[in-house]
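The values are calculated or read from the model by the stated rules, or taken from the named source; none is laboratory data. In this text the structure is predicted, and so the values were computed from the model without any measurement. Methodologically, a virtual Cβ is constructed for each residue, glycine included, from the backbone with ideal geometry; neighbour enumeration extends over all protein chains shown.
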Amino acid sequence: MLQPHIAQFVTLMENGSPQISHVWFDTDGENILVNKAFGRIKVHNIGRDAHVAIAVFGPTNHSSRVLNI
């Protein structure tokens, strides 16, 4: 990525409800790399259930281009 991008990163709580985090991310050309800190709820949720969703926003106009992966 030439510029930092922000994404909404969604994991599932134990009761099945979504937990949304705003994260900085990058890509290595094949994978999406998301910053994580141990002890955060998203890390716990991924360890229990690896199903996630990510919504990527454009760098300037966040409402005009959204890429769901």
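General observations
- Members of the range 7-42 found to be over 22 Å from F57 (Cα atoms) and at pLDDT 90 or above, listed by number: M13, E14, N15, G16, S17, I41
- Neighbours by Cβ (under 6 Å, 6+ apart or cross-chain): first from the range 5-33, of a type in the set (D, E); second loosely packed, with under 15 Cβ neighbours inside 10 Å and part of a loop (DSSP other than H, G, I, E, B): D26/M1
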